Structures are given as C-alpha cells and as structure tokens.
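Below is one structure, written out as structure tokens; comments come after it.
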Amino acid sequence: MPIDKPVRLKANALFITVIIALVIALLCSMVLLLAWRQMDFESSVHDAARLDRDFGSVVDRILADTAQTLVVQQEQSDLFDNGEDSVTIKRENWGLFGLADARVVYKGKDKTRAFFTGQATGAPLNGCLYLADHDRPLSLTGNTRLVGDAVLPKAGVNAAMIGQHSFTSPQLVQGSIRVSPDSLPLPDNRLINHLLRWSDSLMAQPGDAHALTIGEDWQQSFADTAVVIRQKGPIRTGACHLKGHIILVSDSIIEIGSRTQIQDVLVVAPVIKIEDGFSGRLQALASDSILVGSHCGLSYPSTLVLLKRANDIGQPVIRIGDSCRITGVVLTRSMKSDDLKKTCLETGKQSLICGYVYVSGYSYLQGAVNGAVLTDYFIYRTPLTYYENYLVDVEIDREALSKYFIGPDLFNTGEINQVVQWVD
C-alpha cells in the first residue's frame with residue numbers, strides 16, 4: 001500500500017532530526033575532546049615550565065656553593081618544602097673541574113642534566129703574564145708581543161738582541177705593570193693534594209678493572225658511576241671511541257693514537273703520550289711527562305696537568321709539538337719550593353694555547369698564548385747558548401681570550417661558580 005505523503009514527511013523529518021542530533025552530539029564530543037586536549041596540553045606546558053624553573057633553581061644552588069667538592073657527595077631534598085618538587089644532586093671532582101649531576105621531579109616527570117663547574121677569569125689570571133721575581137729582568141726579542149697587564153720582576157722588562165735578531169714591537173708591554181713577589185700564587189693545595197693521592201691510589205690498585213681491547217668502544221653517562229679502565233703496564237689506544245664518565249689508568253705509560261676518539265675522559269699515568277694528528281677533548285694527569293705530538297687539537301675544556309711530588313727526582317716535562325691548538329688549561333706543579341729541577345713546559349712553533357698556562361718551573365714558549373701565563377722562569381735555547389727569562393717571537397695576548405672562557409677554580413677565590421660545559 002502506498003505510504004501517505006504526510007507520513008513520508010514525518011519520517012523524513014524524524015530522520016533529519018536524528019541526523020542533526022547525531023551531528024550535534026559529534027560536534028559536542030569533538031569540542032569536549034579539543035577542550036580536554038587543550039587542557040592536557042596546557043597542563044603539560046605548565047609542568048614542563050615548572051620543571052625548567054625547578055632545574056634552574058637547582059643549578060643556581062649548585063653554582064652558589066663555592067666549596068671544593070673532592071669526594072662524591074649526594075643529597076636529596078624537597079625543593080620548596082611543599083611535597084611536590086623533589087631534587088637529587090650528586091657532586092664530585094672531575095680532574096681540575098667540579099662535576100654536578102642534578103635531577104628534579106614534578107608530578108612523575110623529571111629533568112636530569114650533568115655539567116662541569118668552574119669560574120670566570122679573575123686575579124691572578126686577569127693579566128697576560130705573571131713572572132716570579134728571581135732577580136732577573138725579562139728580555140724581549142723579535143716579534144714578541146705582550147698584550148694585557150703584567151706582573152714582572154723588580155728588575156723590569158727590556159728589549160734585547162740575540163745575534164741579529166732584535167725586538168720589533170713598538171711597545172714592551174701593552175698594559176700596566178706591577179712588581180711580582182719571589183714566588184707564584186699557589187693553586188689550591190687541597191685540590192692538588194687530592195689529585196696526587198687519588199692518582200697514586202688508582203695506579204696502585206690491581207690492573208684489568210676493565211681491560212681495554214683494541215678497537216673497543218666505551219661510553220658512560222656522567223649520571224652513572226665512573227668506569228675505570230685500568231691496566232698494569234703500557235696502554236696503547238687504537239681506533240676506538242671513549243666518551244663520558246671514564247678514567248683510563250696505567251702505572252707506566254698511556255699512548256693515545258691519532259685514530260682514537262676521546263671526549264671528556266680522564267687519562268692518568270706517569271707518562272702520557274699523544275700521537276701526531278690527534279684531535280679530541282680530555283684531561284691528562286701525569287707525574288713524569290706529557291708528550292703531545294705535532295698537529296694535535298685538544299678542544300675546550302681540555303687540561304694537561306703535571307704534578308711533581310716533593311721526593312721525586314728528575315725534571316718532569318710537558319712537551320707540545322708544532323702546530324697544535326689547545327683550548328683549556330696547562331698546569332705544572334712542583335711540590336718542593338726549592339727544587340732545583342722544577343717542572344718544565346715546552347711548546348712548539350706555531351702552536352696556540354687558548355686559556356691558562358701555569359708552570360711551577362721553566363717555560364720555553366715558541367708559539368702563542370691567548371690568555372694568561374704564570375711561570376717562575378722563561379728559557380730560550382739555541383744550539384750554542386741557553387738564555388734565562390728571554391721571550392723570542394712569542395705572543396701572549398690576554399685580550400684575545402674569549403670573555404666567555406670559564407676555567408677551573410685553581411686559586412679558591414670564593415667567586416660564584418659557572419657552568420663550564422653540559423655533558424651527557
């Protein structure tokens with residue numbers, strides 16, 4: 001039987017009403033879903049921003065604590081005493097720098113980063129040169145340039161000639177001059193003595209804590225406990241990759257090959273030898289010698305540290321080859337003040353050190369330093385003659401050091417620390 005037209009119209013209207021209702025319900029659901037997602041997004045943004053603020057507060061707290069941290073310290077606390085923001089801080093020493101690992105937690109979410117700490121340049125590192133007074137003047141020859149303030153012996157500074165080689169610069173020192181005492185300002189003894197005891201302890205322990213296999217890669221997060229790769233006898237690295245919280249130790253010699261990739265690792269041995277052409281970032285701690293080949297690059301914040309104990313004999317040396325670039329700190333320390341064989345630093349031609357050079361003993365510079373040099377004596381050698389307190393064709397330019405350079409807290413100045421480098 002045919003359906004009446006009014007009935008069809010009622011059915012169509014009902015169908016349209018149902019469709020409209022479904023569309024409205026769907027639109028309402030979509031609006032609610034979008035609102036929920038917006039709320040969830042805003043909540044996530046708020047939580048992330050709060051985590052960032054919490055982490056910034058923790059970093060500020062760490063940097064404001066100027067005490068030297070020489071052993072591992074860990075603390076947990078409620079950041080604002082409200083039961084919502086918790087923080088875990090682990091601090092320790094890492095070579096010349098401090099190492100901090102911070103973790104903040106809020107609503108089950110966390111942010112974790114590790115970083116090295118140090119200090120901006122201040123006295124006695126704010127000039128180009130600090131030469132201890134041993135009753136001898138400083139003599140400048142050739143294309144030598146001293147840019148920045150200088151602390152020099154009472155006998156002063158003069159232009160000199162070696163053979164036909166005369167001083168060519170228009171000014172002896174491009175900065176102010178003060179008279180130096182008969183000794184250098186001493187680096188923090190707590191830090192130096194800690195490094196001596198710590199390195200002795202490492203080398204005295206049995207070998208093969210983790211044996212280094214040629215070609216093997218090691219990577220360790222600074223949030224985890226340090227891995228010690230220790231062997232009795234020589235270690236020779238090849239085409240391997242060592243990165244992070246790793247200490248490489250030998251009781252005799254470590255030779256780092258040019259194909260070795262190293263980032264932020266501590267290298268500890270009586271003798272450390274770096275092959276020609278090496279490029280990486282490390283901290284080297286030795287007691288006999290550190291030998292850096294030619295055409296090497298040690299990037300910021302690398303350190304070369306040579307420590308001579310009071311009862312050691314011989315003359316430890318850091319020798320840097322030609323055409324090297326080192327950004328960081330070169331430091332030698334003779335623990336006996338009246339030692340006749342204090343430590344020695346030799347740099348090759350066209351080599352550049354960007355940072356600080358501290359030599360408790362004798363410096364034979366042939367390249368340039370963008371930064372500060374502190375030394376007891378300068379030496380210069382020819383095939384026939386040995387000259388004391390002569391600089392020949394050497395440039396020391398304090399103004400060329402980046403204003404953002406942050407070094408280790410060597411002199412315990414009490415200044416607020418700063419972040420040297422963020423590390424994984």
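Bear in mind that the values in this text are calculations on the coordinates, not laboratory data. Values in this document were obtained by computation on a predicted structure and should not be read as measured data. Cβ placement follows ideal geometry from the backbone for every residue including glycine, while neighbour counts extend to all protein chains displayed.
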Legend entry - the chain, helix-only ellipticity at 222 nm - DSSP H runs n ≥ 4, -39,500 (n - 2.57), divided by all residues, nearest 500: -6500 deg cm²/dmol
Inset, instruction - Rounded to the nearest 10 degrees, what's the angle between the helix 5-64 long axis and the longest principal axis of the chain, both from Cα atoms, 0 to 90? - result: 20
Inset, instruction - Identify, among VAL18, VAL392, SER323, the residue whose Cα sits farthest towards the positive end of the charge dipole of the chain, taking +1 on the Cβ of Lys and Arg and -1 on the Cβ of Asp and Glu, with the dipole about the Cα centre. - result: VAL18
Legend entry - 10 Å Cβ shell holding at most 16 others, DSSP loop, chymotrypsin sites (Phe, Trp or Tyr not before Pro): longest site-free stretch of the chain: 81-403
Legend entry - Estimated translational D of region 43-159 in µm²/s (Stokes, Kirkwood radius over Cα pairs; 20 °C; 1.002 mPa s): 119
Inset, instruction - Calculate one ³J(HN,Hα) per residue across region 347-355 by plugging θ = phi - 60° into the Karplus curve 6.51 cos²θ - 1.76 cosθ + 1.60, and present them in order as whole Hz with x for glycine and proline. - result: 10, x, 5, 6, 8, 10, 10, 10, x
Legend entry - Cα-centred dipole magnitude for the chain, charges only on beta-carbon of K, R (+1) and D, E (-1), debye, nearest 20: 740
Inset, instruction - Mind checking region 323-424 for trypsin sites (Lys or Arg not before Pro) that DSSP puts in a loop (not H, G, I, E or B) and that have at most 10 other Cβ atoms within 10 Å? - result: LYS403
Legend entry - Most mobile of VAL392, VAL105, VAL369 in a GNM of the chain (Cα contacts under 10 Å): VAL105
Inset, instruction - Answer with one residue from CYS296, VAL249, ALA310: the one whose Cα lies farthest towards the positive end of the charge dipole of region 208-343, charges on Cβ with Lys, Arg +1 and Asp, Glu -1. - result: ALA310
Inset, instruction - Give the residue from ALA150, PHE411, GLN261 lying farthest towards the positive end of the charge dipole for the chain; charges sit on Cβ (+1 for Lys and Arg, -1 for Asp and Glu) and the dipole is referred to the Cα centre. - result: GLN261
Legend entry - Answer label, with P(r) over Cα pairs in 10 Å bins from 0, in percent calculated from the coordinates and candidates (i) 5, 21, 27, 26, 17, 4, 0; (ii) 4, 19, 25, 19, 12, 6, 4, 3, 3, 2, 2, 1, 0; (iii) 4, 17, 22, 17, 12, 8, 5, 4, 3, 3, 3, 2, 1, 0: (ii)
